[in-house]
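Working notes, beginning with the structure itself.
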Amino acid sequence: PKLGTDVTFKYDNTVLEPGLTLSYERLVLRLQEFSYLVAGLHLNLVAPNHSDKTFHSEGGLKDYVSHLIAEREKVRPVHKETIAFKNTEVEVAFRWTDNNREQALAFTNCINNVDGGSHTTGFRTALTRTLNNYATRVGKIKENQESLSGEDVRDGVFSVINVGVAEPQFEGQTKVKLNNPETRQVVEKFVADNLEQWLAANDKEGRKILVRCLEARDGRIAAQKAK
């Protein structure tokens, strides 16, 4: 038998502003996004005047990061595979590239937080602390050298984080930012512990990441001196 849920809806002009229409493009983007956030889920979109579309991802957030990178022209990854960690509360995937800026997406219970929040802060803090510790351990940052800043570490990173929070506290009705302080601690510890293990097991790839971060640091210092 066929299993699943069919959702059918129609715009109601008696409730919503007359003359508005549904954006097919936004529906496509949301269903595509949701298929990455819930790995293994099949979503079928049937809409008038458009061909049927199916959205499905087995890789989840890893596939999402690959999708984000592929959308950017001439952006190349620095290391072989997307790094991903997951438990019952936190799922995160990220990859360093040669791009000159960070691209980060943050979600709480699959709701997009466009301004990030405590989960984003915890993730970024974990990256900075763990990579500085790694750089010191392998001798790439010596006592008289400047440490990596958060900006250096995030340069070129494409990341997606999704956290499950029982009682989320959002900033504003549109839920643009997560404010739960305990979520920062949970994410920071989880990512730091797992990234430390990953670097220990993938030293060759870890050193490629470190070279990328050190180049960003040196560029930042040179720009400061030029000013």
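The values are calculated or read from the model by the stated rules, or taken from the named source; none is laboratory data. Just so we're clear, the structure is a prediction, and the values are computed from it rather than from any experiment. Neighbour counts are summed over all protein chains in view; Cβ atoms, including those assigned to glycine, are modelled from backbone coordinates with ideal geometry. Just the protein is used for accessible areas: all its heavy atoms, side chains included, with ligands, DNA and RNA removed. Shrake-Rupley method; radii C 1.70, N 1.55, O 1.52, S 1.80 Å.
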Item to check | First in segment 170-189 and more than 19 Å from Asn87 (Cα to Cα) and outside any loop (DSSP other than H, G, I, E, B), second anywhere and open to solvent by 90 Å² or more (accessible area, probe 1.4 Å) and modelled with pLDDT of 95 or more, Cβ under 7 Å, 6 or more apart | outcome: Lys177/Asp115
Next on the checklist: Anything in segment 57-69 that is open to solvent by 20 Å² or more (accessible area, probe 1.4 Å), of a type outside the set (Asp, Glu) and either modelled with pLDDT under 95 or not in a helix (DSSP H, G or I) (or both)? List them, or say none.
Outcome noted: Gly59
Checklist outcome for this item: Restricted to segment 28-56 and to residues being more than 29 Å from Asn87 (Cα to Cα) and either of a type outside the set (A, V, I, L, M) or in contact (Cβ under 8 Å) with a residue 12 or more places away in the chain (or both), the residue most open to solvent (accessible area, probe 1.4 Å) is Asn49
Next on the checklist: Which numbered condition in (1) at pLDDT below 95; (2) under 24 Å from Ile161 (Cβ atoms); (3) not hydrophobic (A, V, I, L, M, F, W, C) is the only one that Asn49 fails?
Outcome noted: (2)
Next on the checklist: Given the criteria touching a helix residue (DSSP H, G or I) at 6+ places or on another chain (Cβ under 8 Å) and either outside any loop (DSSP other than H, G, I, E, B) or hydroxyl-bearing (Ser, Thr, Tyr) (or both), does Ala93 qualify?
Outcome noted: yes
Checklist entry - Which of the following residues is open to solvent by 30 Å² or more (accessible area, probe 1.4 Å) and either at pLDDT below 95 or of a type in the set (Val, Ile, Thr) (or both): Lys227, Lys177? => result Lys227
Item to check | Residue in segment 125-174 that is nearest to Asp98 (Cα to Cα), counting only those that are among the charged types (D, E, K, R) and open to solvent by less than 80 Å² (accessible area, probe 1.4 Å) | outcome: Asp155
Checklist entry - Residues in segment 83-92: is at least one closer than 20 Å to Tyr36 by Cα and of a type in the set (Asp, Glu)? => result yes
